[in-house]
Amino acid sequence: MKVLLLAAGTAAAFLASNAYAADFNLRMQTQYAAETVSGKLAQGFIDNVEAMSGGRVDIEMFWSSSVVATVEGFDAAASGILDGEMHGGAYQTGKNPAFQFVGDPMGGYDTPYELYSFFYFGGGQEAANELYEAHNMHLVGWWTGGQESLSSSKALRGPEDLKGWKFRSPPGLETEIFAELGASPIVMDFTEVFTSLETGIIDGADASSLANNVGLGLYDLVDHATYPGFHSMPVDHVTFNLDVWNSFPDDIKAIFEVATQALALQTATTIDVANAEAATKLRAQGVTLYDWSAEDRAEFRAGAQRAWDGWAEKTPEAKALVEAHRAFLRRTGKIK
């Protein structure tokens, strides 16, 4: 009897342990460290997927680009080294300029919610996936903290103040937009910003969100900033190898889509709160924050559109995405 009870107990334990074995064991990577705000939000995405799937999905996340470099994450997933990745499309502009318009459609939108509306209701999801699936990847969705803020030692009241303004800029589309409006963008490594501001090599910087700029210590050196921002809204994405995505049953696909929508909302609202808190503190310490008028934003958007024209001619895919954005911006009255 004791032997039978032991056998029965062992069988029950075996069944119990396998009742929760995952159907899909997935390897993903992000550039964020697990302890950062964005890392914690990504962990929340993982937790939601695993809970909603009842344990059928298990995600092993590789933080801080620990498998391959950030710019190589997309190719690592496309080739099967990873199953998916949570970096951003802007890292792939060297592959096709069209990725600029899924990674940061500069000057297009004022808030994350407008960009999400384009994705879900303006044809963005379909247009973007034509690009992604041509590279053996599927785009599930976007997550962004919203507009970044410009930091400056000089006033930035509107487009007129951009003329001759020397600032740190990332390479690519942004340099073209600001040069078109009379500014003097200087491409430099992110790590050089603090010293360059301190020595007066630059008047300001496009670094990050208002809250992150506080963390960088920029407002120990300068006392002007744009807030809410208007010029750049970097977008991270959730993607999967196309074969892996197609292997998921419809309920698992739906779980990933819903979890990505939750991640998008949580990211936008989390950063909203952090920026609002930072703005309150900065005003109290004497930093002047500039909220550009609708007319000034429209002038910047018009300058951005002229730069978009050049990028639209680079590849058919870039043209298709620019046209998709413009069609939605016209529908919503952002451009004529």
Got a sec? Which of GLY141, GLY107, GLY88 is small (Gly, Ala, Ser), outside the structural domain of ALA262 (by TED's automatic domain parsing) and touching a residue at least 24 places away in the same chain (Cβ under 8 Å)?
-> GLY107
With criteria (1) touching a residue at least 60 places away in the same chain (Cβ under 8 Å); (2) under 21 Å from the mean Cα position of the chain (by Cα), TRP292 comes up short on (2)
How about the stretch 287-318: which of its residues are over 20 Å from GLY229 (Cβ atoms) and of a type in the set (Gly, Ala, Ser)?
-> GLY310, ALA312, ALA318
Go through (1) without any contact (Cβ under 8 Å) to a residue 40 or more places away in the chain; (2) among the aliphatic types (A, V, I, L, M); (3) not assigned by TED's automatic domain parsing to the domain that holds GLY124 and name the single condition LEU221 misses.
-> (1)
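Residues in the stretch 8-27: is at least one among the hydroxyl-bearing types (Ser, Thr, Tyr), at pLDDT 95 or above and part of a loop (DSSP other than H, G, I, E, B)?
Within the stretch 8-27, the first condition is being among the hydroxyl-bearing types (Ser, Thr, Tyr), and the residues that meet it are 10, 17, 20.
Those left that are additionally at pLDDT 95 or above: none.
Checking the stretch 8-27: not a single residue is among the hydroxyl-bearing types (Ser, Thr, Tyr), at pLDDT 95 or above and part of a loop (DSSP other than H, G, I, E, B).
Please specify each residue of the stretch 261-287 satisfying the condition of being over 16 Å from GLU148 (Cα atoms) and in contact (Cβ under 8 Å) with a residue 40 or more places away in the chain. Give the steps one after another, and end with the answer.
Filtering the stretch 261-287 down to residues over 16 Å from GLU148 (Cα atoms) leaves 261-266, 280-281, 283-287.
Those that are over 16 Å from GLU148 (Cα atoms) and in contact (Cβ under 8 Å) with a residue 40 or more places away in the chain: GLN261, ALA262, LEU263, ALA264, GLN266, LYS281, GLN285, GLY286, VAL287.
Scan the stretch 149-158 and give yes if some residue there is more than 24 Å from PHE178 (Cβ to Cβ), buried (at least 23 other Cβ atoms within 10 Å of the Cβ) and in contact with a Phe, Trp or Tyr (Cβ under 8 Å, 6 or more places away or on another chain), otherwise no.
No: the stretch 149-158 contains no residue that is more than 24 Å from PHE178 (Cβ to Cβ), buried (at least 23 other Cβ atoms within 10 Å of the Cβ) and in contact with a Phe, Trp or Tyr (Cβ under 8 Å, 6 or more places away or on another chain).
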Do we find that ALA254 is in a strand (DSSP E or B) and either among the small types (Gly, Ala, Ser) or surrounded by fewer than 20 Cβ atoms within 10 Å (Cβ to Cβ) (or both) in this structure?
-> no
Quick one: which strands (runs of 3 or more DSSP E) lie wholly within the stretch 72-191 and hold at least 3 residues that are out of contact with any Lys or Arg (no Cβ under 8 Å at 6 or more places or on another chain)?
-> 137-143, 150-152, 166-169
Every pair of residues 6+ apart whose Cβ atoms lie under 6 Å, when the first sits in the stretch 65-76 and is aromatic (Phe, Trp, Tyr) while the second is in a helix (DSSP H, G or I) | PHE74/GLN92
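For (1) charged (D, E, K, R); (2) under 18 Å from the mean Cα position of the chain (by Cα), each residue gets a yes or a no:
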{"residue": "ALA211", "(1), (2)": "no, yes"}
{"residue": "PRO228", "(1), (2)": "no, yes"}
{"residue": "MET233", "(1), (2)": "no, yes"}
{"residue": "TRP245", "(1), (2)": "no, no"}
{"residue": "ASP250", "(1), (2)": "yes, no"}
{"residue": "LYS253", "(1), (2)": "yes, no"}
{"residue": "GLU257", "(1), (2)": "yes, yes"}
{"residue": "GLN261", "(1), (2)": "no, yes"}
How about the stretch 295-336: which of its residues are under 22 Å from TYR132 (Cα atoms), without any contact (Cβ under 8 Å) to a residue 60 or more places away in the chain and in contact with a Leu (Cβ under 6 Å, 6 or more places away or on another chain)?
-> none
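Please find, within the stretch 283-315, the residue that is nearest to LEU156 (Cα to Cα) out of those that are part of a helix (DSSP H, G or I) and of a type in the set (Lys, Arg). Write out each step before concluding.
If we filter the stretch 283-315 for residues that are part of a helix (DSSP H, G or I), which is where we start, we get 283-284, 294-312.
Those still in the list that are of a type in the set (Lys, Arg) too: 283, 297, 301, 306.
Details: ARG283: 15, ARG297: 12, ARG301: 16, ARG306: 22 Å.
Only one residue tops the list, namely ARG297.
The values are calculated or read from the model by the stated rules, or taken from the named source; none is laboratory data. Note that the structure is predicted; figures quoted are calculated from it, not measured. Every residue, glycine as well, gets a Cβ built from its backbone with ideal geometry; the counts of neighbours run over all protein chains shown.
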